[in-house]
Every structure is written in C-alpha cells, then in structure tokens.
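Scroll down for the structure; my scribbles are underneath it.
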Amino acid sequence: MYHEIDLDKIDRNAEPPTEEPARQYYFMAKCRDWVKGFEQKNHRLPCASVVNMGCQMNARDSEKLSGILSDIGYEQTEDGNADFVICNTCTVRENANNRVYGRLGSLHGCKKKNPRMKIALCGCMMQEKTVVDKIKSSYRFVDLIFGTHNIYMFAELLYRCLTSDSMIVDVLEGTDRIVEELPARRRYSFKSGVNIMFGCNNFCSYCIVPYVRGRERSRKPEDIVKEIESLVADGVCEVMLLGQNVNSYGKNLKSPVTFSDLLRMINKIDGLKRIRFMTSHPKDLSDELILAMKECDKVCRHLHLPLQSGSSGILSAMNRHYDKEQYLALVKKLREAIPDIAITTDIIVGFPGETREDFMETLDVVRQVEYDSAFTFIYSKRTGTAAASMENQCDPAEVNERFDMLLKEVQAISMRRAEARTGTVGEVLVEEVNAKDSSLVTGRLSENAVVHFPGNADMIGKIYPVRLTECRGFYYLGELVQGADCNPDFSEKIFSENACK
Ligand code: 5AD
Ligand code: SF4
C-alpha cells in the first residue's frame, strides 16, 4: 500500500531506479523540484486540472493522476486556465471522441492566452493510432500523449513534458503489468473505486474496449483486500469494485479465485459498510455468485446487468454468448434469490442488421424485467471492431425513432418502480450537502437511487435510515427516521429488521 513516501528524501541526482513503483517516486521527487522552481519564479504554486471524460474506471484512473499531481505540489483547479491540463479520454462511442476534439478546441484558446500551459491527453482514445496521428498533425499544441497501459508512468512522463518543448507521445501496444502503490486523491472521502481487474477478453462485436484496454488481468485478492483495509482506515465505508467483466475475476491468477470468493473476503473487512461492483456480464453470472450476493450483508441490493439487445439473433451477432431466454431466466433466478434487488442495464439500439422485430424483442425484455433504470445508446461504429465491417448498417432515422420509443418505455417503467417504494424506509449513505438547497443532504440507497432529505454537512459519509416520503421520478425526497439523527449506527439495527434488506 502507499505509505506517504517522503519525496524529499529521494536522491534526485542518482540514476533513476529501474524497478516500479520506485522509479515513479523518483520522478515525482524530480517534478517536485520543478514545482519549487516554479513557485520561486511566480510566487504561487502551479495549478492542474484533471478532466475525466470516461467511465468509472477512468474516474478511478483520474484520481490516481490527481494524487500524483497533488503530491508533487500542484494545486487542483476545475479551471481551463490551469498550468497543466490532462484529459482522461474515452472512445467507447464516436461522440466521446467528438467531445475530446471539442475540448481541445477550447483549450487551444486558453493556451493562446497562457502559452506556458501544458496540455496532456491519456486514456482509451489515445490507444487508437488514427487518433494519435490526427492529433500529431492537426493539434500540434498538445504537449503529452500516453495511453491506458502506461498510466502508472505518469510521473515520469510529466517530468519529461515539463522539461521539454516538443510533443511527447508514449503509447504502449499492451502490457501484462499491474503497478500499484502509487498515490490517489479521492473525490469522496467516504467512498472509493477499487480496480480488481483490467482489460477484457470478450470481444463483443461492437465494442472497442478489448482493443484499447488489452487482455484481462486480475489483481491478487490479498492486494485488493489490503487496499480496501487501508481505504477503510482512511474513512472509506463504500467501495465500488471495478472491472470490465468482474464476473470472470481471478480466472488468470496463479491460484484461481472466483469473484464470489473475493466478495466473501471483502465482506469480512471490519468497518466497511457497502460493496458495489461493475460491470457484470450475464454469461458469467454464476449461481455461486448470486448466493454470495445474497449472503454477504455488505453487498448492495443493486446489480447492473447489461442486456445490450433482447433479440437472440442480434445477441449472437454481438458475440454476447447468451440469448433472450437465458437472460430472462437469469433475472428470474436473481429475483427469486434476492427479491428486493434493483436491476439496471445498458441497451444498444441500431446494431447492424437490427430489424423492427429485433427491436420489439428488446422492448419485450424491458417490459418483462422492469429495470430500475437503463442506459440507452445508439449504436456507434467503432473502426477495428467486428461490427464495423458488417454491411447491413441501420437507417439512422429508423434508429432514432426506436431509441425514442425505448427511452419512453424505460423511463415510464423506472418511474413506476420508484413510486412503488414510496413510504418505505431505506438506508441512505449521505454523499453531500444538496447543491441547490443547503438545508438538504443528498445520498444513495443500497439500491443506488438518490434521496434528498433534511440534514447537514456532519452527516456526510454516514448511513441513516430515511423514510422515502415522495417520489420525484428519478429521485426521492425523504425524512430521517425519528431517533436516528445523532446515532448513525442505529440505522444498522433498524435495518436488520427492515424489509429493504
Ligand atoms: N455503440 C454504442 N454503445 C456501445 N457500448 C459499447 N460499445 C458501443 C458502441 N459501439 C455501450 C454498451 C456498454 C456500455 C458501456 O457502452 O452498452 O455496456
Ligand atoms: Fe466491451 Fe463486451 Fe468487454 Fe463489456 S464485456 S468491455 S461490452 S467487449
């Protein structure tokens, strides 16, 4: 684990160490000297902005970038006028790429006003050669580019960038390394993402992730447990276990461990209150895992189970390895084991060859499962994936119409499900004071729904029993259950008797 290594004690005149993470600490020390020089010259510390443009894995990576920047002395700012701006990019859909080019346009304007500004790009989009070529030729003002496989080398790359005037590009094709024990700066004091594995082996035919994140690599369970224990010692009570396909966790370890074994190990950690995870692939959701979810009291009553399509033909073309009936049977099994579980999903509309009938199959699954919420996407062609070369791409007007229909259905269902819980009591982990009304705090139920209720900043990071008095579509208004306001642990006693668990 990362133990506040004293950067000032590192010999910066020695040759850089070859082993990791010692090498990165050496470069952090070198960067810190650079920061001190900046401070002397400018009578202020330099400031940095980390812009996360991707999924929860990216968000966790961004916390690691922030941790390094803050340890070497940068002040953090949200501002586009920072001295150092790094965009952690996503490339899962074309509009993610477009957002990056848009952001680069506005950063160029900032750099014209402040020519010393350094601009860095990292993350999934940088693993694509065509993207890097485009940036090299049309966005010459970018200073540093690196990818997903060498993000652990950020301190070293930053040092090279700070001490050079030319664009630095360092993108690796792949890696089998997992470098840990580097600092991270968490966005929330009480909850944290924890990477349990990297990469994906599934090659769903529409998806670019396996190409930009590489093959599956699982972290050792003892390292994960150690990290969570130290997070808990630092005030964390909720963890989100992160991986592209957590259900296949551990298969490539020297002594294989299943994801359910891992859940049971983490469930035993004293002081930890909630465990979440994402993402689960339906093809790997075993009975053993359902049982572990049911038996582990800290595992939240929420499962994100991407459907992608309800048509068995399309699922086969997507290379998903399950069909409509198998997916529905899985949901039935889950609900039988854990009746109050909230189920959410991802759905793609307009995959090549999708007919109206295929789409109606998707609507049928949505109606049968009654998702608590769903992320809906229009299929986006990703160069290099198997689906990109399929000839039967759908008519965009038809796809838009289907998308609107799906969205309406999904929203109506999730509203109905939310309304049905009104009046019950739920356990809420308070996350923040409400941005619009400071007499309220905002938190999440185990089932992941958002609740606003009267409270104050002292309640942040604690769990309270809250009556859900009013459903406002996608969130609830609530009130603290009497007697629980000064003793958050009281909530656990109430909840052992509550129907919500
Ligand atoms: N087009 C549209 N949606 C996609 N997703 C992944 N790749 C694509 C694509 N090419 C969606 C899937 C996945 C979610 C993270 O993004 O639904 O579950
Ligand atoms: Fe992409 Fe499929 Fe892997 Fe998820 S499981 S990251 S959708 S290839």
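The values are calculated or read from the model by the stated rules, or taken from the named source; none is laboratory data. What you see is a predicted model, and the numbers here were worked out from it, not measured in a lab. No Cβ is skipped: glycine too gets one built from the backbone with ideal geometry, and neighbour counts run over all protein chains shown. Protein only, heavy atoms only, side chains kept; ligands, DNA and RNA dropped before computing areas. Shrake-Rupley method; radii C 1.70, N 1.55, O 1.52, S 1.80 Å.
At-a-glance table
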quantity	calculated
Hits in region 167-188 (condition: of a type outside the set (A, V, I, L, M, F, W, C) and modelled with pLDDT of 95 or more)	ASP170
So GLU78, is it loosely packed, with under 13 Cβ neighbours inside 10 Å, in contact (Cβ under 8 Å) with a residue 12 or more places away in the chain and either aliphatic (A, V, I, L, M) or assigned to a loop (DSSP other than H, G, I, E, B) (or both)	yes
Looking only at region 368-395, and only at residues there that are within 16 Å of ligand 2 (Cβ to nearest atom) and among the aromatic types (Phe, Trp, Tyr), the one that is surrounded by the most Cβ atoms within 10 Å (Cβ to Cβ)	TYR379
Checking LEU231 against (1) more than 16 Å from ligand 1 (Cβ to nearest atom); (2) hydrophobic (A, V, I, L, M, F, W, C); (3) not in a helix (DSSP H, G or I), the condition it does not meet	(3)
Within region 37-61, considering residues that are closer than 19 Å to VAL131 by Cβ and without any contact (Cβ under 8 Å) to a residue 40 or more places away in the chain, the one farthest from ligand 1 (Cβ to nearest atom)	ASN52
1 or more residues more than 30 Å from GLU432 (Cβ to Cβ) and either open to solvent by 30 Å² or more (accessible area, probe 1.4 Å) or in contact (Cβ under 8 Å) with a residue 12 or more places away in the chain (or both): qualifying strands (runs of 3 or more DSSP E) within region 98-208	118-123, 144-146, 168-170
VAL212 being hydrophobic (A, V, I, L, M, F, W, C), under 19 Å from the mean Cα position of the chain (by Cα), surrounded by 22 or more Cβ atoms within 10 Å (Cβ to Cβ) and in a loop (DSSP other than H, G, I, E, B)	no
For GLY350: the one exception among (1) within 14 Å of ligand 1 (Cβ to nearest atom); (2) open to solvent by 10 Å² or more (accessible area, probe 1.4 Å)	(2)
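Residue by residue, here is whether (1) surrounded by fewer than 21 Cβ atoms within 10 Å (Cβ to Cβ); (2) touching a residue at least 40 places away in the same chain (Cβ under 8 Å) holds:
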| residue | (1), (2) |
| --- | --- |
| LYS251 | yes, no |
| SER255 | yes, no |
| THR258 | yes, no |
| ARG264 | yes, no |
| LEU272 | yes, yes |
| GLU295 | yes, no |
| VAL299 | no, no |
